[in-house]
Amino acid sequence: MLSPLAGWLYSYALNNRLDGHFTDGEEEYLSCLVNGEARLERLRAMLDETVRKELDDYVRDWSIVESYHRESLFSAGLAMGMELSRLG
């Protein structure tokens, strides 16, 4: 978990600084985002309630895991930036 300051910086970066900071894959990212959401809804419509709930639980859990990955990457990048600023 991030410290309160790092958490604030992470939220700010996530909400205000991502545009234009993609590598070469921004178009692919946006396409996968839209297509993935549509596929998930089609899949959910094919499933009975029990399996749909299991899928929803899986998607929720995986979303939490991905959130921790993003926070870890942000924290590592912030630490590297702080170290580099001390060198200059």
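The values are calculated or read from the model by the stated rules, or taken from the named source; none is laboratory data. These figures come from a predicted structure and were not determined experimentally. Positions of Cβ are backbone-derived with ideal geometry, glycine not excepted, and every protein chain shown enters the neighbour counts. Heads up: the accessible areas ignore ligands, DNA and RNA and are worked out on the full protein's heavy atoms, side chains in. Shrake-Rupley method; radii C 1.70, N 1.55, O 1.52, S 1.80 Å.
Just to confirm the filter: which chymotrypsin sites (Phe, Trp or Tyr not before Pro) across region 1-74 are DSSP coil and have at most 15 other Cβ within 10 angstrom of their Cβ?
Passing both the DSSP loop test and the Cβ count: 22.
Just the number, please: carbon plus sulfur as a percent of the accessible area of the chain, 1.4 Å probe, no ligands or DNA/RNA counted.
On the chain, the fraction of accessible area on carbon and sulfur atoms equals 60 percent.
With a probe of 1.4 Å, find how much accessible area region 1-87 has per residue, and write the answer as a whole number in Å².
86
Classify region 1-69: rounded, prolate or oblate, from the alpha-carbon gyration tensor (a ≥ b ≥ c, eigenvalue square roots; a/c under 1.5 rounded; otherwise prolate if a/b is larger than b/c)?
Note, shape of region 1-69 comes out oblate.
For the chain, run through the trypsin sites (Lys or Arg not before Pro) and keep only the ones in DSSP coil with at most 15 other Cβ atoms within 10 Å of their Cβ.
Listed in order of number, the matching sites are 17.
In debye, nearest 20, what is the charge dipole magnitude of the chain about its Cα centre with +1 on Lys and Arg Cβ and -1 on Asp and Glu Cβ, if you could check?
My answer is approximately 260 debye.
Please arrange 11, 85 by accessible surface area, largest first, computed with a 1.4 Å probe and ligands excluded.
Result of the area sort, largest leading: 85, 11.
If you take the charge dipole of region 10-71 about its Cα centre, with +1 on Lys and Arg Cβ and -1 on Asp and Glu Cβ, which of 34, 50, 67 is farthest toward its positive end?
Final value for the positive-end residue is 50.
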